[in-house]
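First up is the structure itself, then whatever we jot down about it.
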Amino acid sequence: MSAYRTHMTIIGDILSTTRDEMEAEHGASVTFLIRKANVSHVRISKILINLVSQGLLEQVDSKGACKYKISTSGREFLVAYHTFRQFADNFGLTI
């Protein structure tokens with residue numbers, strides 16, 4: 001059985017996906033993020049709205065479809081998240 005993922009882990013997965021998979025593209029579609037981050041449509045919609053409002057993702061229009069790209073702030077957040085996650089893991093903490 002797979003381990004439970006926290007809200008922060010899901011956010012980290014979404015930001016990592018937009019950073020790693022979409023460098024040369026015009027952004028990640030909701031469908032792509034659902035598959036890669038393994039999150040339901042209802043849940044990812046709420047998370048994407050939050051990430052855009054916080055400035056961690058940018059919403060772009062590409063041929064009439066909404067797509068998402070990681071922002072500079074999102075990249076900085078992701079670096080800090082991975083640093084903190086590694087620190088927490090070293091002490092056996094779950095974030």
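Could you go through segment 54-62 and let me know if any residue there is in contact (Cβ under 8 Å) with a residue 40 or more places away in the chain and either closer than 18 Å to His7 by Cα or assigned to a helix (DSSP H, G or I) (or both).
Scanning segment 54-62, I find at least one residue that is in contact (Cβ under 8 Å) with a residue 40 or more places away in the chain and either closer than 18 Å to His7 by Cα or assigned to a helix (DSSP H, G or I) (or both), so the answer is yes.
State which residue is surrounded by the fewest Cβ atoms within 10 Å (Cβ to Cβ) when the search covers only segment 30-53 and only residues that are at negative phi and part of a loop (DSSP other than H, G, I, E, B).
Among those that are at negative phi and part of a loop (DSSP other than H, G, I, E, B), it is Ser40.
Could you check how many residues of segment 63-90 are surrounded by fewer than 16 Cβ atoms within 10 Å (Cβ to Cβ) and part of a loop (DSSP other than H, G, I, E, B)?
The total comes to 2.
Could you please give the count of residues in segment 5-24 that are more than 23 Å from Thr94 (Cα to Cα) and free of Cβ contacts under 8 Å to residues at least 24 places away in the same chain?
Here the count works out to 4.
Under 8 Å by Cβ, and 6 or more places apart or on different chains, what pairs join a residue from segment 64-84 that is touching a residue at least 40 places away in the same chain (Cβ under 8 Å) and at negative phi with one that is of a type in the set (S, T, N, Q) and not in a strand (DSSP E or B)?
The qualifying pairs are Tyr68/Thr18; Lys69/Thr18; Ile70/Thr18; Gly74/Thr18; Leu78/Ser16.
Just the residues that are under 19 Å from Leu78 (Cα atoms) and either among the charged types (D, E, K, R) or at pLDDT below 90 (or both), please, taken from segment 47-65.
Across segment 47-65, the qualifying residue is only Glu58.
Would you mind telling me which numbered condition in (1) on the phi > 0 side of the Ramachandran plot; (2) surrounded by fewer than 13 Cβ atoms within 10 Å (Cβ to Cβ) Gly27 fails?
With (1) on the phi > 0 side of the Ramachandran plot; (2) surrounded by fewer than 13 Cβ atoms within 10 Å (Cβ to Cβ) applied to Gly27, the lone miss is (2).
Quick check on this structure: which one of Lys63, Lys67 is of a type in the set (D, E, K, R) and in contact with a Ser or Thr (Cβ under 7 Å, 6 or more places away or on another chain)?
Lys67
The values are calculated or read from the model by the stated rules, or taken from the named source; none is laboratory data. Since this is a predicted model, take the numbers as computed values, not measurements. Cβ: placed from backbone, ideal geometry, glycine included. Neighbour counts: every protein chain shown.
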